[in-house]
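Down below is the structure, laid out as structure tokens.
The values are calculated or read from the model by the stated rules, or taken from the named source; none is laboratory data. The structure presented is a predicted model; accordingly, all values stated were derived computationally and were not measured. Please note: Cβ atoms are built from the backbone with ideal geometry, for glycine as well, and neighbour counts cover all protein chains shown.
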Amino acid sequence: MRVYVPLTLSGLAEAHRTGELATGATGPLVAYAVTPALRQWCLSDDIEELEYAALGRAGAASLRLLAADPGAARRRVVVAADVPDEAASADPGGGPGPRAPGEVRVTGTLRLAEAASVHVDSADAEADVTAAARALPAADAGDGDARLVADGAEDHELLWYATQEIPNLLGPGA
């Protein structure tokens, strides 16, 4: 199963340093994938559309990580990786409320070397991503204008990078 793991650039740097996106010791990793709930939410059977939707859900989760970490570089990051089907659970049980369409929990160790690709905002998106991250609390509280600002990050495509390009994304000293 292809999963899309939301991160920040600092989270990607940590994964690059340790070689792991997650370990069983830290609990299940939240990711996004093509699940029955995502298929129903998208009303599509086109696998490319569904994969793109899962990537978009992970991009939105990355934005939430940025909102929670004001010191992080204002670029959304998503790592795509393939995991065994039994390692990803779309209905993990426990926890408050229903899960978002496409949300899965990945158990076990997910090594960065096993990643298929990395998707990152261009530098041109930083202003909109910054504004979107700032607007999320008000948007969550029901402010329609803030929701429009928060949704502005989605106007930017996440760019595709090969995993060999991670050091270039992270800059000198990576």
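Couple of notes before you dig in:
- The residues listed here are Ala81, Ala13; of these, the one that is under 24 Å from Pro172 (Cα atoms) and crowded, with 20+ Cβ neighbours inside 10 Å is Ala13.
- Summed over segment 118-143, the residues that are surrounded by fewer than 13 Cβ atoms within 10 Å (Cβ to Cβ) and among the polar types (S, T, N, Q) give a count of 1.
- Of all the criteria given as (1) among the small types (Gly, Ala, Ser); (2) under 23 Å from Ser10 (Cβ atoms); (3) touching a residue at least 12 places away in the same chain (Cβ under 8 Å), the one not satisfied by Ala68 is (3).
- Subset of segment 111-143 (residues that are over 21 Å from Leu159 (Cβ atoms) and among the β-branched types (Val, Ile, Thr)): none
- Members of segment 1-51 found to be closer than 24 Å to Asp121 by Cβ, in a loop (DSSP other than H, G, I, E, B) and of a type in the set (A, V, I, L, M), listed by number: Ala33, Val34
- Failed item in (1) modelled with pLDDT of 90 or more; (2) surrounded by fewer than 18 Cβ atoms within 10 Å (Cβ to Cβ), with Ala146 passing the rest: (2)
- Scope segment 79-107; condition of a type in the set (D, E, K, R) and at pLDDT 80 or above; matching residues: Asp82, Asp85, Glu86, Glu103, Arg105
- Those residues of segment 160-174 which are exposed (fewer than 15 other Cβ atoms within 10 Å of the Cβ) and outside any helix (DSSP H, G or I), in sequence order: Trp160, Ala162, Gly171, Pro172, Gly173, Ala174
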